[in-house]
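Let me begin by presenting the structure, written as structure tokens, before commenting on it.
Computed from the coordinates by the stated procedures, all read-outs in this text should not be read as laboratory data. What you see is a predicted model, and the numbers here were worked out from it, not measured in a lab. FYI the Cβ positions are ideal-geometry reconstructions off the backbone, even for glycines, and counts take in every protein chain you see.
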Amino acid sequence: MSAVTVSVPAKVNLQLAVGAVRPDGFHELVSVFHAVSLFDEVTVAPADELTITLEGEGVGEVPLDRSNLAARAVELLADRLGQDPAVHIHIRKGIPVAGGMAGGSADAAATLLACDTLWRGNTPREMLRRLGAELGSDVPFSDLGGTAIGTGRGERLAAVPSVGRFHWVFALADGGLSTPAVYGECDRLRAEAGVPVPEPAPREELIAALRAGDAPALGAALSNDLQDAAISLRPSLADTLAAGTAAGALGALVSGSGPTCAFLAADEDAAKLVARALEESGTCRTTRIAHGPVAGTKIRPVAPPA
């Protein structure tokens, strides 16, 4: 096998409930993940040494050395399978970089599947997800896709049945936000307010809306405990959220730790109107329109020779 290509979707957190800091330094989380139709493609091929190249979103922003999560995925799986990690990884980016949409985690998940296929490891997908959890909390969901509740650090997953297609607009900001900094700001704001830290739990109304395919109810139930912290660090996000809401979005929230903002629209035409209004508002760098839920990592078939 000369090369394997895997596509993998972005995610948005429909709910991100952040609990107390655990002894291991992570926060206890409940996250409702939702995979959307913005994709990266990862191709791995045998090489003399482990190398990475990249095209598309984020060229110049993504590290191409062994600190890249995809490179760490290669080394982790190679160690498990007794393989030489000498492969070339080519990443075609369609997921916004440093935008709270799990682009790096998606690439790691795709790399695990691509390398396992290249090396004929026949590793069960559940085991690949467990390996992915060693790399990052979002990696297992990138492989699973669809809609799922994540608990623990977000890595323990339970699929959520959902009906129909939901239409999204993502407003991309200039630059990123440090995930540890956003969590730290969340802790600081809570301590300053003197409020008890809630025990994270899925919102019943959000799960019911997903199961019913009820977009207005889903929009009303979106929530992110990190949103206030992200806005505290990047106040302009409040203007972005207000602009999309004024344009008719059914719901709006910061995606994950940000700075991407997500807007649920009533349908495809409404999504186009929201995207146009956001771009005209000057409150974001650009927008992307997508739908969800979509499947997780998927091996792309090899094109037949011409």
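Observations on the structure shown:
- Converting phi to 3J(HN,Hα) with the Karplus coefficients 6.51, -1.76 and 1.60 and the offset θ = phi - 60°, the range 17-31 yields 9, 10, x, 6, 6, 8, x, 7, x, 8, 8, 6, 10, 10, 10 Hz in sequence order, with x at every glycine or proline.
- Cα shape, the chain, gyration tensor, a/c 1.5 rule: prolate
- Long-range HN-HN contacts of HIS27 with modeled amide H, under 5 Å: ARG22
- Low-density loop positions, chymotrypsin sites (Phe, Trp or Tyr not before Pro), the range 1-97 - DSSP coil, at most 15 other Cβ in 10 Å: PHE26
- Modelled FRET efficiency - R0 22 Å, VAL59 with GLU279, Cβ distances, 0.05 increments: 0.50
- Each other residue within a Cβ distance under 15 Å of ALA295 adds +1 if Lys or Arg and -1 if Asp or Glu, for a net charge of +3.
- Other-chain or far-sequence residues with amide H under 5 Å of GLY213's (modelled H): VAL163
- Mean separation of Cα contacts under 8 Å (6+ apart) over length of the range 7-113, as relative contact order %: 35 percent
- Fewest-first sequence of LYS272, LYS11, LYS93 by Cβ atoms within 10 Å of each Cβ: LYS272, LYS93, LYS11
- Cα gyration tensor category, rounded, prolate or oblate, for the range 166-292 with a/c compared to 1.5: oblate
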